[in-house]
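Below is one structure, written out as structure tokens, with a few remarks after it.
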Amino acid sequence: MEAAAAGSVSAPSAELIERWEKEYSPSEWTKRFRTAGEVIEHHVKFVTEVSNRNRKELKCDLDVEYGSEDSEKFDIYGDNLPDDAPLFVYIHGGYWQMLSKKESAYCAKPLVERGFRVIILDYELCPKVTLAELVSQIKCAGEYILNYAEENRVRHVSIAGHSAGAHLIAAMLDRQFVATVGDEIRLVKHVYLISGVFKLDELRHTQSVNAKNLLGLNDANVRGLSPLEMDYGHLRGLSVQVHVSVAENDSAVFKQMAKDMHEHLERFGVQGSLHVLPELDHFDIVEKLAEKDYFITKAILDSFSEK
């Protein structure tokens, strides 16, 4: 009943909004730091330092354009690998309004060292664009990257996203996108949705995420932009597997969204898995992608060795 009220014309109660403010504020749930500000400060420092180091140590091709806008670029790590090396694409989080590819290459080194070429995607941030416009931009990026993979004879593409990045991947994979890329969708073998945002009806009312409606959400588009409301029947029968992960120390709403998203995909016959990763929070669940022995990193590497 609460979600229905949030998606309707009538405004939710102040008590509900207060609850949602905390549930959709991941930094409030960490157990590693005393305050929300400390975990954010640590996260930004960590991802920036590791990303900067990876740019110095790995062979890179920076600012590859996938569109005409300044933000429509990506960086390639492991550019000296064979053209047909397996490809891993990463889309950062930041609630569609923070971070960039520059701070988001922390996952690159363990994968490049095992023969993966890694693409770190950039995109325009809200409120310069609406969320609907941003999803369209990500679809353009996905089409470009799959064309790139096909031209280079890549036969194994994995895509991962964190938080808002997971939402963008799930929203990208709609019927229109799959029809547009056609047979190239066969190249996508694994998708990793990490502590993702899969419904928007509640967070649209929060000041912490959507102050002054910077996402451009309304009663007409909020369901269509929510992956938990989307039809994924067009993925049935394809080789793609979708792996949903969430941190033990994420909020209850993030853990519920992960469970619901996994079950939603299962109802459409999409293969995949669900993992609640112990002792982690919304931030170190991706910080640990810098480690070669981390659960998700090993899953990405092992997925190619299974081929």
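The values are calculated or read from the model by the stated rules, or taken from the named source; none is laboratory data. Keep in mind that what you see is a predicted model, and the values were worked out from it rather than measured. Positions of Cβ are backbone-derived with ideal geometry, glycine not excepted, and every protein chain shown enters the neighbour counts. For the accessible areas, the whole protein counts, side chains as well, though only heavy atoms, and no ligand, DNA or RNA atoms are used. Shrake-Rupley method; radii C 1.70, N 1.55, O 1.52, S 1.80 Å.
Does ASP250 qualify as being part of a loop (DSSP other than H, G, I, E, B) and in contact with a Leu (Cβ under 9 Å, 6 or more places away or on another chain)?
For ASP250, the condition - part of a loop (DSSP other than H, G, I, E, B) and in contact with a Leu (Cβ under 9 Å, 6 or more places away or on another chain) - is met.
Restricting attention to strands (runs of 3 or more DSSP E) lying wholly within segment 1-114, give those where 2 or more residues are modelled with pLDDT of 95 or more and open to solvent by 30 Å² or more (accessible area, probe 1.4 Å).
Of the strands (runs of 3 or more DSSP E) lying wholly inside segment 1-114, those with at least 2 residues that are modelled with pLDDT of 95 or more and open to solvent by 30 Å² or more (accessible area, probe 1.4 Å) span 60-65.
Inspect all residues belonging to segment 210-217 and state whether any of them is open to solvent by 60 Å² or more (accessible area, probe 1.4 Å) and assigned to a helix (DSSP H, G or I).
yes
Given the residues ALA166, ALA220, which is the only one that is part of a helix (DSSP H, G or I) and not basic (Lys, Arg)?
Residue meeting the stated conditions: ALA166.
Looking at segment 182-206, which of its residues are open to solvent by 10 Å² or more (accessible area, probe 1.4 Å) and over 30 Å from SER13 (Cα atoms)?
Of everything in segment 182-206, those that are open to solvent by 10 Å² or more (accessible area, probe 1.4 Å) and over 30 Å from SER13 (Cα atoms) turn out to be GLY182, ASP183, GLU184, ILE185, ARG186, LYS189, HIS190, TYR192.
State which residue is farthest from LEU301 (Cα to Cα) when the search covers only segment 67-97 and only residues that are among the aliphatic types (A, V, I, L, M) and under 13 Å from the mean Cα position of the chain (by Cα).
Once the filter is applied, the top-ranked residue is ILE91.
State all residues of segment 256-307 that are over 28 Å from ARG175 (Cα atoms), modelled with pLDDT of 95 or more and charged (D, E, K, R); if no residue qualifies, say none.
If the condition is that a residue be over 28 Å from ARG175 (Cα atoms), modelled with pLDDT of 95 or more and charged (D, E, K, R), then GLU279, ASP281, ASP284, GLU287, LYS288, GLU291, LYS292, ASP293, LYS298 are the ones that fit.
Are any of the residues in segment 229-236 more than 30 Å from ARG32 (Cβ to Cβ), acidic (Asp, Glu), touching a residue at least 40 places away in the same chain (Cβ under 8 Å) and outside any helix (DSSP H, G or I)?
We begin by selecting, within segment 229-236, every residue more than 30 Å from ARG32 (Cβ to Cβ); these are 229-236.
Now narrow it down to the ones that are acidic (Asp, Glu): 229, 231.
If we keep only those that are touching a residue at least 40 places away in the same chain (Cβ under 8 Å) too, we end up with 231.
When the remaining residues are screened for being outside any helix (DSSP H, G or I), the result is 231.
Checked against the condition, which is being more than 30 Å from ARG32 (Cβ to Cβ), acidic (Asp, Glu), touching a residue at least 40 places away in the same chain (Cβ under 8 Å) and outside any helix (DSSP H, G or I), segment 229-236 yields at least one hit.
Residue by residue through segment 117-163, note down the ones that are farther than 17 Å from ARG204 by Cα, of a type in the set (Gly, Ala, Ser) and assigned to a helix (DSSP H, G or I).
SER136, ALA141, GLY142, ALA149 - these are the residues of segment 117-163 that are farther than 17 Å from ARG204 by Cα, of a type in the set (Gly, Ala, Ser) and assigned to a helix (DSSP H, G or I).
How many residues does segment 226-263 hold that are among the polar types (S, T, N, Q), out of contact with any helix residue (DSSP H, G or I) (no Cβ under 8 Å at 6 or more places or on another chain) and either open to solvent by less than 30 Å² (accessible area, probe 1.4 Å) or at positive phi (or both)?
Count: 1.
For segment 116-154, give me each residue that is of a type in the set (Lys, Arg) and more than 13 Å from MET172 (Cα to Cα).
Correct list: ARG117, LYS128, ARG153.
Write out, first by first residue and then by second, each pair whose Cβ atoms fall under 7 Å of each other, whose residues are 6+ apart or on separate chains, and whose first residue, in segment 284-298, is touching a residue at least 40 places away in the same chain (Cβ under 8 Å) while the second is surrounded by fewer than 20 Cβ atoms within 10 Å (Cβ to Cβ) and among the aromatic types (Phe, Trp, Tyr).
Note: pairs meeting the criteria are GLU287/PHE46.
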